[in-house]
Amino acid sequence: MAENILTTVAENPSPPTYLDALNPAQRAAVEALDGPVLVLAGAGTGKTRVLTTRLVHLLATGRALPSQILAVTFTNKAATEVRARVAAMLGRSVEGWFLGTFHALAARLLRPHAERVGLKPNFTILDEDDQLRLVKQLLQAENIDDKKNPPREALAFISRWKDRGLCPSDVSQEKSSFAGGKMPKLYAAYQERLLALNACDFGDLLLHHLTILKSHPDILAEAHRRFHFILVDEYQDTNTAQYLWLRLLARGHRNICCVGDEDQSIYGWRGAEVGNILRFSDDFPGATVIRLEQNYRSTGHILAAASHLIAHNTMRLGKTLWSSAEQGEPVRVQVLWDGQEEARWIADEIEDFQRKGVSLNAIAIMVRAGFQTRAFEERFIQVGLPYRVLVGARFYERAEIRDALAYLRLLVTPEDDLAFERIINVPKRGVGPAALQQVHAFARAEKISLMEASARLVETDELKPKLRQTLRLFVEGFVRWRSALQNLPHAEVAQIVLDDSGYTGMWQADKSPEAPGRLENLKELIGAMAEFDTLPAFLEHVSLVLEVTENTQAEQVSLMTLHGAKGLEFSIVFLPGWEEEIFPSRRALDENGTAGLEEERRLAYVGITRAKERAVISCVTRRFLYGSWVNALPSRFLDELPDQHVLRASTVGNGIVMGGGGYQRDNTKAERIPPLWEQLRAGRSLSRRKGAFQIEGRAVEVSSPHKPDGFHVGDHVVHGKFGKGVVRRVENDKLEVLFERKGALKVLARFVSKEG
């Protein structure tokens, strides 16, 4: 067992040894215990070490008891890592501490005061599937077409309001054409329905507790007395509700330490506000700001390239990463012919690394958008290269798991009508829509749950005998299982529920290829439950878990989106698809302008800094998108990478030619030539031969042979992607065209042709 730090410090007043492993900046961040502290922790600078050591230091110096510290993380994975490190340093368990995710801690703090917002302490946390079904019901009740107004989009409205800390009364005047302008009304109805179900969604956990803290001074004062120190991880990812919650809780002692990196704020699309970290010193006057800039992950070339790129952003507090490690290999930028060649080339490179002894587990491909994975998956399958896709359906999102959890939720919370609806006819019991409508009507009239309505109806003659008997057996089953929970382990009861209800038998009788796998998943679910003390604790855990870690012994290349790569690191990272429209994303630029561009650049910075030894970026000259070939322009981010830390190369043409210092494959010095993206932009090396363009000896399909000066205002033109339009402005090689379908857009002259 690790040495007990608290005992050691009490017996020996000399400086604790756990500080010895810290560099000067890290130590300053750990020892600055009084007042507000912002730790700007660059990628790979040891922020988790600072966070955990600071927590231990608070205890070891006697400044706080475990119950007086609130430590907040964003993911269950991060919370687990912090718990493990702190437990190892202290030599004892940290169970029961206020250390966890925003949602987990908010749920824990909300339950004792749930009545203040109209809930019971045993409220259910709904998953997204149940939220969508509830929203769909509300849309139908308002006679709103849920095809034209999808429930998922309506739920997104509600989630955004909650992320901003807004209750239904706060949005009553907001205008939107969606759902006929009825979204504020639907939000209010949604919240009323949740209260009737004794349920919350994720946003409610924080919103309800925030509401309680703002409207009940006694509860806020109690929180201030309880928490003397607050530690926050990944502060740059906080949304408005989280920000307001933390500010309220920190108002008591002002001892709040936020660790984050504005250069890694990449979740604006889900409500994160980079401004929260940028204005920390304004929110907390007199705050201490400490920068962690020594990187322990990447080589010098990688860090320099990433730092030079992110320096183009204006919304940042500023820091420059450095490393005492070797310079290593320059960041490689590879230009390829098309998406298929890009996938082939990367697969070949990976196999070459594998032959040299590099583990596939140390290699990752990070793409901007999910659709980009298809070409790599197909290629990897073709050549037999093992891979894992770190996206897609998660364990708890599978249909059979959702069904089983609905049974267990209804067991714990009989008022959970959404769970009742999900499993009343799974397996099939003959309770169709008409029968369920009868139960619904009685429940609404009596203002009771569907379970209670069923229990009452089976004692009457309102239902047909067969349906009455079916519902009686259903209700009695839950009474029996609930009683068993008092005497048997909850995992054993869960197995009994699945067996007695016929759910296990349903899949045992199913002869489809998927059935055996579904049964294995149910076994895994039961096994996971045994790790929790109670069934409610397990159900709350399931509601809060956002990630499921794969457990595989086989070496595999990791394939993921850049958003999913946050917090990970690999020896070798491939970053394909660095082209305009893809990266930076056209949608991000259209919706958020400069702010969107800066977030895209932060995403590029995150991608590069995932690499420890080699970072390889690639782009193509054309790509098959949305059913047709389009000519691709290299990403503007490639121009922002410094030549002294980057090796630029092209396989378009005969062999390979390097730019930016330039070496051929045989390592002989090559004449410096402009990289392909420079040639494309400047129009050099383009010649017309037999109706096709040539670049370095390869034919390129471009839409127009016209030079820029061949176009005039008023010309009717055709673009391969945007269709027909009229030229409104000519500026060098750029045209502003008013397209019939897309409106006014700026395009390069060589990508359009004159109509007719």
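The values are calculated or read from the model by the stated rules, or taken from the named source; none is laboratory data. Bear in mind that the values here come from a model prediction, so they are computed numbers and not experimental data. We place every Cβ from the backbone using ideal geometry, glycine too, and count neighbours over all the protein chains shown. Please note that ligands, DNA and RNA were not included when accessible areas were found on the heavy atoms of the full protein model with its side chains. Shrake-Rupley method; radii C 1.70, N 1.55, O 1.52, S 1.80 Å.
Summary of values
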item	result
Residue ID - surrounded by the fewest Cβ atoms within 10 Å (Cβ to Cβ), chosen from residues in the stretch 320-348 that are within 21 Å of residue 565 (Cα to Cα) and not hydrophobic (A, V, I, L, M, F, W, C)	332
Residues of the stretch 274-288 that turn out to be among the hydroxyl-bearing types (Ser, Thr, Tyr) and assigned to a helix (DSSP H, G or I), as a count	1
Condition check for residue 82: under 22 Å from the mean Cα position of the chain (by Cα) and farther than 24 Å from residue 221 by Cβ	yes
Selection within the stretch 30-57 - in a helix (DSSP H, G or I) and of a type in the set (Val, Ile, Thr)	30, 48, 50, 52, 53, 56
Any pair with Cβ under 9 angstrom, 6 or more apart, that starts in the stretch 428-448 at a residue that is under 15 Å from residue 475 (Cβ atoms) and ends at one that is small (Gly, Ala, Ser) and surrounded by fewer than 17 Cβ atoms within 10 Å (Cβ to Cβ)	429/502
Single residue of 554, 604, 595 found to be part of a loop (DSSP other than H, G, I, E, B) and touching a residue at least 12 places away in the same chain (Cβ under 8 Å)	554
Residues (part of a strand (DSSP E or B) and in contact with a Ser or Thr (Cβ under 7 Å, 6 or more places away or on another chain)) located in the stretch 289-302	289, 292, 294
Helices (runs of 4 or more DSSP H) within the stretch 200-273 that include 1 or more residues aromatic (Phe, Trp, Tyr), at negative phi and open to solvent by less than 10 Å² (accessible area, probe 1.4 Å)	240-250
Subset of the stretch 591-621 that is open to solvent by 40 Å² or more (accessible area, probe 1.4 Å) and over 21 Å from the mean Cα position of the chain (by Cα) - its residue that is modelled with the lowest pLDDT	594
Output for the stretch 634-651, where each listed residue is open to solvent by 40 Å² or more (accessible area, probe 1.4 Å) and within 15 Å of residue 581 (Cα to Cα)	636
Qualifying residues in the stretch 64-80 (those that are among the polar types (S, T, N, Q) and in a helix (DSSP H, G or I)) - the one most open to solvent (accessible area, probe 1.4 Å)	80
Search result, residues across the stretch 303-319 that are in a loop (DSSP other than H, G, I, E, B) and either open to solvent by less than 10 Å² (accessible area, probe 1.4 Å) or of a type outside the set (Gly, Ala, Ser) (or both)	312, 313, 314, 315, 316, 317, 319
Odd one out for residue 462, checked against (1) touching a residue at least 60 places away in the same chain (Cβ under 8 Å); (2) surrounded by fewer than 16 Cβ atoms within 10 Å (Cβ to Cβ)	(1)
Residue match in the stretch 379-391 (condition: open to solvent by 30 Å² or more (accessible area, probe 1.4 Å), polar (S, T, N, Q) and assigned to a helix (DSSP H, G or I))	yes
Number of the exception - residue 368 against (1) modelled with pLDDT of 90 or more; (2) of a type in the set (Lys, Arg); (3) surrounded by fewer than 18 Cβ atoms within 10 Å (Cβ to Cβ)	(3)
Condition check for residue 171: surrounded by fewer than 21 Cβ atoms within 10 Å (Cβ to Cβ) and among the aliphatic types (A, V, I, L, M)	yes
Extreme residue, surrounded by the most Cβ atoms within 10 Å (Cβ to Cβ), among residues of the stretch 402-427 that are touching a Lys or Arg at 6+ places or on another chain (Cβ under 9 Å) and assigned to a loop (DSSP other than H, G, I, E, B)	416
Any hit, the stretch 506-527, residues being under 23 Å from residue 123 (Cβ atoms) and modelled with pLDDT under 90	yes
In the stretch 34-63, residue farthest from the chain's Cα centre (by Cα) [restricted to those that are open to solvent by less than 10 Å² (accessible area, probe 1.4 Å) and over 18 Å from residue 21 (Cβ atoms)]	36
The lone exception for residue 236 - which of (1) under 25 Å from residue 156 (Cβ atoms); (2) touching a residue at least 60 places away in the same chain (Cβ under 8 Å) it fails	(2)
